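Notes to accompany the following structure.
Values quoted throughout were computed directly from the atomic coordinates according to the rules given, and no laboratory measurement underlies them. Here the structure is a predicted model, which means the values were calculated and not measured. For neighbour counting, all protein chains shown are included, and Cβ atoms are generated from backbone atoms with ideal geometry for every residue, glycine included.
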Amino acid sequence: MPRIANPVSTEVLLARNQLRTYLAVKGNSEVGLSRLSGVAQYTISKFLTGRIKSLTPDVRKFLVYACNGINDGGERVTSDPRILRALCNAWDGTEAGIGLLAITINALAPVIRQAQVKDAQAA
């Protein structure tokens with residue numbers, strides 16, 4: 001019976017992007033992350049290349065190290081008046097509008113993270 005490819009979840013794609021962002025910073029590497037997390041380097045590589053298509057326990061282990069700090073500060077962001085003002089200006093007051101805002105912000109995330117990496121490398 002032929003295998004049917006399962007679509008990769010959004011959570012996995014976001015985790016992969018966060019890992020790439022972590023590795024793009026000077027001084028971070030797959031080998032270093034392997035040493036920190038205790039997960040084999042080839043597992044990190046397989047996740048990056050898409051051969052591992054889910055968030056297995058080993059993948060979650062190294063993501064704790066790679067994504068540490070990326071998602072911190074959520075409360076600070078949501079309480080920032082500039083963010084609140086921008087959201088209020090963009091939101092049409094509907095439930096569908098909330099969904100569209102979330103999709104838009106998620107679509108911009110790689111652009112914002114890449115800009116942060118470039119700023120860090122320039123410094």
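For this structure, a couple of remarks:
- Loop-resident sites, the stretch 23-71, for trypsin sites (Lys or Arg not before Pro), counting at most 16 other Cβ within 10 Å (DSSP): Lys26, Arg51, Lys53
- Whole-Hz couplings from phi, Karplus 6.51/-1.76/1.60, listed for the stretch 79-88; x for Gly and Pro: 9, 5, x, 5, 5, 4, 5, 5, 5, 5
- Multiplying the residue separation of Thr56 and Val25 by 0.36 nm and subtracting their alpha-carbon distance yields 8.7 nm.
- Inter-probe distance in nm under a simple model that places probes 7 Å from Cα toward Cβ, at Arg3 and Val77: 3.4
- Positive-pole candidate from Ser45, Val64, Pro7, dipole of the stretch 2-115, charges at beta carbon: Ser45
- Modelled spin-label separation between Ala86 and Leu48, with each label point placed 7 Å from Cα along the Cα-to-Cβ direction: 2.9 nm.
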